[in-house]
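Visitor: Could you have a look at this structure, given as structure tokens, before my questions?
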Amino acid sequence: MPLRDVPVPEPGPGDVIVNVKAVGVCGSDVHGFTGSTGRRIPPMVMGHEFSGMISAVGEGVTGHKPGDRVVVQPIITCGQCANCLAGMPNICTNRSGVGMMRRDGANAEAVRVPEQLLYALPPEVPWEQGALIEPLAVAMHAANSSPIRLMDTVVILGAGTIGLLTLLACRLKGAGSVIVSDLSPHRLEVARQLGADAAVNPAKEDLGEIVRKHAGPAGAPIVIEAVGITATAKQSLELVKAGGHVTWIGNAAPTIEIGMQQIVTREITVRGVYAFNVEFGRAIEAIRAGRVDVTPIMEQIVPLEAGPQVYHDLAKGTLDAIKVVLTP
Ligand SMILES: [Zn+2]
Ligand SMILES: [Zn+2]
């Protein structure tokens, strides 16, 4: 991953150019960088979690002008397929995205985006927190897709950015005990800081016993998987009570091995969730209004020049930072 000088992008009709102020490094970018998922096709510029200031507008752009502070919702949808028309553009059948597959994203000083992806970034929200809006929207969609009732015990497997933001989103939704599990002592510490009732290392403690202590002997009504590998997918089925709900948000391994009988004979609902819909605007408002504090998750804020090293270190596992934000 080299740092390269490239021409400043020109806005096409309906496009704006955003001068990127802050862009988050996402787990999906790191997996795209290693090539394990095939969701990034080089040569391209990654980066889809970002805020910035408009520097130029193309023909036909009427709602925005240079100088506007914006945050970009990076999913490009067709607006015409059945899913778009049903209010679920996140599963648009013609979906693409800024900084995904072949389309250049925001790990750069400037990026070209269609005007319809823009949201105003309120003046109270700093640029760096603007870069956390996209992952917060993902977490809020996971919470919105899980039938959490007031004071329900919720188990979250994985304390990466999405797992931890899901903890905050479940709190907003009225969860009772929230138990977070991860193998990294550092991530568990941040989970505690964010208010987890228990932060458990399943290699050292009996996670099942701790869940039953909080939720009762039948298990948890809601389990949210935020890793995306066989081990945690299996755990999600073991920890949920019969008739309970499992939400899968993790997206690391394309294929996993799973106990189908456990799902069938215990009538477990397994729900996949991807990206967000109305949650993007609500994530902006949640941060603006101080309903969630995302700052403990932003562990490094570094210049764009440090980006290639950060990606290498995250891919190798030598850097255990939850969210790194680059500031071009
Ligand atoms: Zn992301
Ligand atoms: Zn569509």
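Visitor: Restrict the check to the stretch 61-75 and report whether at least one residue is within 25 Å of the chain's Cα centre (by Cα) and closer than 14 Å to Asp104 by Cβ.
Guide: Scanning the stretch 61-75, I find at least one residue that is within 25 Å of the chain's Cα centre (by Cα) and closer than 14 Å to Asp104 by Cβ, so the answer is yes.
Visitor: Scan the stretch 145-174 residue by residue and report those that are touching a helix residue (DSSP H, G or I) at 6+ places or on another chain (Cβ under 6 Å) and in a helix (DSSP H, G or I).
Guide: Residues satisfying the conditions are Thr161, Ile162, Leu164, Leu165, Thr166, Ala169, Cys170.
Visitor: What helices (runs of 4 or more DSSP H) completely inside the stretch 175-289 contain at least 3 residues that are open to solvent by 60 Å² or more (accessible area, probe 1.4 Å) and closer than 15 Å to Gly160 by Cβ?
Guide: On the way: elements: 185-193, 207-215, 230-239, 260-265, 279-288.
It comes to 185-193.
Visitor: Show me the strands (runs of 3 or more DSSP E) found entirely inside the stretch 1-118 where at least 1 residues are within 16 Å of ligand 2 (Cβ to nearest atom) and surrounded by fewer than 20 Cβ atoms within 10 Å (Cβ to Cβ).
Guide: On the way: elements: 15-24, 49-57, 69-72, 110-114.
Where strands (runs of 3 or more DSSP E) fall fully within the stretch 1-118 and carry at least 1 residues being within 16 Å of ligand 2 (Cβ to nearest atom) and surrounded by fewer than 20 Cβ atoms within 10 Å (Cβ to Cβ), they are 110-114.
Visitor: Here's another thing I want to ask about it. When you scan the stretch 81-92, do you find a residue that is closer than 30 Å to Thr295 by Cβ and either more than 16 Å from ligand 1 (Cβ to nearest atom) or at pLDDT 95 or above (or both), even just one? Steps first, answer last, please.
Guide: First, the residues of the stretch 81-92 that are closer than 30 Å to Thr295 by Cβ: 89-90.
Still in the list and also either more than 16 Å from ligand 1 (Cβ to nearest atom) or at pLDDT 95 or above (or both): 89-90.
Yes, because at least one residue in the stretch 81-92 is closer than 30 Å to Thr295 by Cβ and either more than 16 Å from ligand 1 (Cβ to nearest atom) or at pLDDT 95 or above (or both).
Visitor: Further, regarding this structure: Just one of (1) crowded, with 24+ Cβ neighbours inside 10 Å; (2) away from ligand 1 (no atom under 16 Å from the Cβ) trips up Ile133, so point out which.
Guide: With (1) crowded, with 24+ Cβ neighbours inside 10 Å; (2) away from ligand 1 (no atom under 16 Å from the Cβ) applied to Ile133, the lone miss is (2).
Visitor: Let me ask something else about it. Select from the stretch 293-328 the residues that are in a loop (DSSP other than H, G, I, E, B) and of a type outside the set (Val, Ile, Thr) and list them in ascending order. It would help to see each step written out before you state the result.
Guide: Initial filter on the stretch 293-328 (in a loop (DSSP other than H, G, I, E, B)): 293-294, 317-322, 328.
Matches in the stretch 293-328: Asp293, Gly317, Leu319, Asp320, Ala321, Pro328.
Visitor: Here is a further query. Looking at the structure I just gave you, is Pro126 open to solvent by 30 Å² or more (accessible area, probe 1.4 Å) and either over 13 Å from the mean Cα position of the chain (by Cα) or closer than 23 Å to Ala159 by Cβ (or both)?
Guide: On the way: open to solvent by 30 Å² or more (accessible area, probe 1.4 Å): yes; either over 13 Å from the mean Cα position of the chain (by Cα) or closer than 23 Å to Ala159 by Cβ (or both): yes.
In short, yes.
Visitor: For the stretch 1-31, which positions are in contact (Cβ under 8 Å) with a residue 40 or more places away in the chain and more than 23 Å from Arg69 (Cα to Cα)?
Guide: Applying the first criterion (in contact (Cβ under 8 Å) with a residue 40 or more places away in the chain) to the stretch 1-31 yields 1-3, 6, 8-31.
Correct list: Met1, Pro2, Leu3, Val6, Gly27, Ser28, Asp29, Val30, His31.
The values are calculated or read from the model by the stated rules, or taken from the named source; none is laboratory data. Source: prediction; values computed, not measured. Glycine also receives a Cβ, built like all others from the backbone with ideal geometry; neighbour counts cover every protein chain displayed. Just the protein is used for accessible areas: all its heavy atoms, side chains included, with ligands, DNA and RNA removed. Shrake-Rupley method; radii C 1.70, N 1.55, O 1.52, S 1.80 Å.
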